[in-house]
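Everything on this sheet refers to the single structure shown next.
No value in this document is a laboratory result; all are computed from the given coordinates. Everything numeric here is computed off the predicted structure, so don't read it as measured data. We place every Cβ from the backbone using ideal geometry, glycine too, and count neighbours over all the protein chains shown.
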Amino acid sequence: MKRKITVGFLMLSFFAFSQQNTIDQKVNALLKKMTIEEKIGQLNQYTGDNQATGPITINPNKEAEIKQGLIGSMLNVLGTKYTRQYQELAMQSRLKIPLLFAQDVIHGYKTSFPIPLAEAASWDLAAMELSARVAATQAAASGIHWTFAPMVDIGRDPRWGRVMEGAGEDTYLGSRIAAARVKGIQGKLGDVNSVLACVKHFAAYGAAIGGRDYNSVDMSERMLWETYLPPFKSALDAGAATFMNSFNDLNGIPATGNKYLQRDILKGKWNFQGFVVSDWGSIGEMVAHGYVKDNKEAALSAITAGSDMDMESNAYRYNLAQLVKENKVSITLIDDAVRRILRKKFELGLFEDPYKYCNTEREQRELNNPEHRKIAREVAAKSIVLLKNENDLLPIAKSTKKIAFIGPMVKEHKANMGFWAVDLPEVDYNKEIVSQWEGLKNKVGKNAELLYAKGCEIDDNNKEGFAEAVATAMKADVVILSIGERWDMSGEAKSRSNIHLPGVQEELVKAIQATGKPVVVLINAGRPLVFNWTADSVPAILYTWWLGSEAGNAIADVLFGDYNPSAKLPMTFPRDEGQIPIYYNHFNTGRPAPNDTATHYVSAYIDLKNSPKFPFGFGLSYTQFEYSNLKLSQTKMKKNETIELAFQLKNTGKVAGEEVVQLYLRDKVGSVVRPVIELKDFQKIKLNPGETKTIRFSINKEKLSFYGKDLNWIAEPGDFDLMIGSSSTDIRLKTIFELIE
Ligand code: GLC
C-alpha cells in the first residue's frame, strides 16, 4: 500500500511539475515573439466605465490600444456582455493575448456578504472561506478573472476608514483569516469558478499616521516584521497569485518604489512567483510623494523595485520603452514582469479559451443561486457581536405583541452593503437587499404589530422626528433602535477624526430610553465607534456592522434567538479618540497602570480611564460557558518539544451556543520587551445546553518565537503565562510554563 502512495505521489508531483514546465515553455515561446511595445502592453492596466475607484484619466483610445496589444488588463468591467466585448478586441491583436479582467470583489459580487471586518468578528474561518468562495464563483461567472482581495492590512486605528476592509488589529487572527480568504477566492486555479486573489496593500498601509488614509507610515523594521508582514506571508503560503502594493511611503520610501518590500522580501526571501500590481495610480503618485521628479523616473523606480503592472498611471505605457533605449531599464526586468503576468493567464486557461469566463447561462445561474443567499444569511448572523444584554432582554420573546423599530437605518436597503460593495447597474437593490424592517416583518409575520419611526437622520442635527419616535416607542412592548454611521463614512478615503455616533442619534437613544421601555440598540458601522452613553445606559446592544444582502433576516434571526450570537470583536473599541492607537497586545512599559483609575506616575491619562470601552476578543452569548480543569502535558519544555494542553468547556446555560475560546501567551522576559498578552490560537466550539467538551491546543516553539532586535526569529528560554480566555480581558484559566532551552 505504502509503495502505491509513493508512486502515486511521485506521479502527481511529476504531472504538476511538467504542467508548470509546459506553461513556462509556452510563456517563453510567446515572449520571444513579442515586440517591446507588446511586452509593455502586458504591464498596463486601465479601468472600464463601471465605478471608477480612483482619480480617473479618460483614455479615448482604450479600444484601439487593446487591438494593438497595448493593454494587458482591465478593472471595473462588469458582466460577461462587456468582458466578452473587450476580449473580442484583444483577439484582434497580433498575438491574441487575452485580457485579464479584475474587480474589487471584497465581500461579495451580486450576493453581498458582511464587510470583511464584520466577518472577521465571526472568527469562523470556514465561514469566511465559504463567503469568499461564493463571491469568487459569482465574479468568475460574470467574466472576472481576478479580484483585488483579500485586504490583509493590520488595522489598529479606527479613525482609518479602511479598517472595514480587513481583519482587525491582531496579527495571528489576521494571518489565519488571510489564508482562509485566499483559499476561498482561488479555490483550484484553472477551475472556471476560480479567480486570482490579490493580497493587499503591501505593506503597512494600515499604520498611516493619524489614521489618515494615504498618510505616511514610519515604524521599526522589527514592528514591520512582527506585526504587519505576517498576514501577507500567510496569504502567500496559501498560494496567493498576486499582490498589490500600497499608496503609503514606508520609512521614507513609497511602497510602489520600495525595493526592500517588493524585491528583497516578497520576490527574494519569500520567493513569490506571481506578480505585483500597483495600486491605482500609485506609480505616478511617487511624483507627488516627492520621491521622483516625473512619470519617467516613476516608471524607472517602480519597475526596478518590482512593481510588475501599472494600474492607471500610464507611467509604463509612455516611458518604459524609452528607458530601455537609454539603457536605464534592462529588458530582462520587463521580461520578468511579463512572464509573471502571462503565466497567470495560462494558468487560468485563458489562452485555450479567452471566453472561458463569459458564459451568460452560468452568469444567470450563479448570480441568482438561492444557496448563496442562504450562506450570506448564515455568515451575517455569525458576524453580529452581542455587546450587552442586561437581564436577558434578548432574545426578544416571539410572543411579543407590539414592537417599535426606530432609527435612520431601519428601512435602508443598499446601505446594508457598506463600502466596497459591487454596484451592478442592472440590479434593483431595493429587492436584492433585505432591509432591517423587512427582516423583522419576515420574522414576526402576523404575530406582532410593528411600529416605525425614523427619529432622525444619521448625521444632521434635526430633532423634529424625536416626538414621533417617542410616541411610537410609548405604544410598544419593546423598542429596537437602529443607528450608526452612514455606509460611506468608512472605506477608502473615509478617515474620521471623530468616531462618535454622528448627528443627534445618541440624543435619540436618550429620548427613547427615557420612555422606560426596554430598548435594544443595533449599531451599524464599518469601524469601532464611540457610544459611551448608549453603552452605559441601554440594556442591550448588537453591533451589526454592514451585513450585506441578508442583513435584515440575519439581524432578525439574532434578535429572536434563532441564531445565538457568537461573534467576538476583532478590534479594540476605544472610549474616546484620545486613546487611539489602542490595541490589546501592547507592551507593559516601566510604569504600567495597575488599574483603570491610577494616574500617579503611571502610563495613563489623567482625564480618561486607561482601559478600552470594549476589548479585543469580546462578545457575549445568550448562553454562558464554564471553563475548567486546565491541564498541561508538562510545565517545562525544550525548543524541540510541544506542550499539549486540555481543558473542559461547558455550556451552563439554557440554549445551544458557540464560544470562541482564545489561547493567549505572555513571554515574561525577552531580549526585546514583549506584549502583555498575545493571541496564539483559537477555536470556535458549538455546545448544546449542559454539554461539555474537552478542548485541546498545542504549544510549540513557533508560538513562542518573535523577531529579536536583529530581526532574528527566536524563542528565548524563560517563563510564559498561558491564558485561556473568552476575550483578551476575560481570562478564565491561567497557568505558567517554562521554556528551558
Ligand atoms: C483603490 C484601492 C485598492 C483597489 C484599487 C482598484 O484605490 O486602494 O484597494 O483595489 O484602487 O479599485
Exercise for the section: May I ask for the angle, rounded to the nearest 10°, between helix 80-90 and the longest principal axis of the chain, with both axes built from Cα atoms and the value confined to 0 to 90°? Expected result: 20
Fill in the blank from the handout: The set of residues whose placed amide H lies less than 5 Å from the amide H of GLU691, leaving out same-chain residues fewer than 5 positions away, is ASN651
Exercise for the section: Pick out, in residue order, every one of the trypsin sites (Lys or Arg not before Pro) in the stretch 186-245 that is DSSP loop and has at most 16 other C-beta atoms within 10 Å; say none if there are none. Expected result: LYS188, ARG212
Problem - Rough spin-label spacing in nm, given labels placed 7 Å along Cα→Cβ, for THR735 and ASP488 - result: 5.5
Practice task
Provide, as a two-decimal number, the C-alpha radius of gyration of the chain over 2.2 N^0.38 Å, N being how many residues it has.
Solution key: 0.98
Practice task
May I ask you to sort TRP160, TRP420, TRP533 by Cβ crowding, counting other Cβ atoms within 10 Å and putting the fewest first?
Solution key: TRP533, TRP420, TRP160
Exercise for the section: Extending each Cα 7 Å along its Cβ direction at LYS398 and THR360, get the distance between those two points in nm, one decimal. Expected result: 4.5
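With a cap of 11 neighbouring Cβ atoms within 10 Å, and only residues DSSP puts in a loop, list the trypsin sites (Lys or Arg not before Pro) found in the stretch 371-452. Please report the intermediate quantities before stating the final value.
Working: sites: ARG373, LYS374, ARG377, LYS382, LYS388, LYS398, LYS401, LYS402, LYS411, LYS414, LYS431, LYS441, LYS443, LYS446; in loops: LYS398, LYS401, LYS411, LYS446.
Loop-located and lightly packed - LYS446.
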Problem - Environment charge at GLU326 (Cβ cut-off 13 Å; Lys +1, Arg +1, Asp -1, Glu -1) - result: +2
Exercise for the section: Express the relative contact order of the chain as a whole percentage, based on alpha carbon pairs under 8 Å and six or more residues apart in sequence. Expected result: 13
Problem - For ARG263, ARG181, order by how many other beta-carbon atoms lie within 10 Å, fewest first - result: ARG263, ARG181
Exercise for the section: For GLN85 and ASP428, calculate 0.36 nm times their separation in residues minus their Cα-Cα distance, and state this gained length in nm to one decimal. Expected result: 121.1 nm
Fill in the blank from the handout: Residue-ordered couplings for the stretch 542-558, obtained by feeding phi - 60° into the Karplus form 6.51 cos²θ - 1.76 cosθ + 1.60 and rounding to whole Hz (Gly and Pro as x), are 10, 8, 9, 6, 10, 10, x, 4, 9, 3, x, 5, 5, 5, 5, 4, 6
Exercise for the section: Along Cα→Cβ, 7 Å out, is where each label goes; now give me the distance between the ones at LYS374 and LYS636 in nm to one decimal. Expected result: 5.6
Handout entry: Förster radius 22 Å - calculated FRET efficiency between GLN624 and ASN595, Cβ distance, rounded to 0.05
Key = 0.25
Exercise for the section: Please work out the FRET efficiency for the pair LYS454 and LEU10, using the Cβ-Cβ distance as r and a Förster radius of 56 Å; give the result to the nearest 0.05. Expected result: 0.25
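Return the subset of LYS414/LYS613; LYS654/LYS686; LYS510/LYS613; LYS200/LYS259; LYS96/LYS296 for which the Cα-Cα distance in this structure is over 21 Å, preserving the input order.
Values: LYS414/LYS613 30 Å; LYS654/LYS686 14 Å; LYS510/LYS613 19 Å; LYS200/LYS259 17 Å; LYS96/LYS296 28 Å.
Check vs 21 Å cut-off fails for LYS414/LYS613; LYS96/LYS296.
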Practice task
Tally the DSSP beta bridges in the stretch 625-740 and give the antiparallel ones as a percent, rounded to 5.
Solution key: 95
Fill in the blank from the handout: With 0.36 nm assigned to each residue of separation and the Cα-Cα distance removed, ASN712 to LYS654 gains 15.9 nm
Handout entry: Rg(Cα) / (2.2 N^0.38 Å) computed for the stretch 466-555, rounded to two decimals
Key = 1.12
Practice task
Give me the percent of DSSP beta bridges within the chain that run antiparallel, rounded to the nearest 5.
Solution key: 55
Handout entry: Cleavage-rule hits, GluC sites (Glu not before Pro), the stretch 364-449, DSSP coil, Cβ neighbours within 10 Å at most 14
Key = GLU426
Problem - the stretch 182-222 versus the stretch 627-651: alpha-carbon centroid distance in Å - result: 35
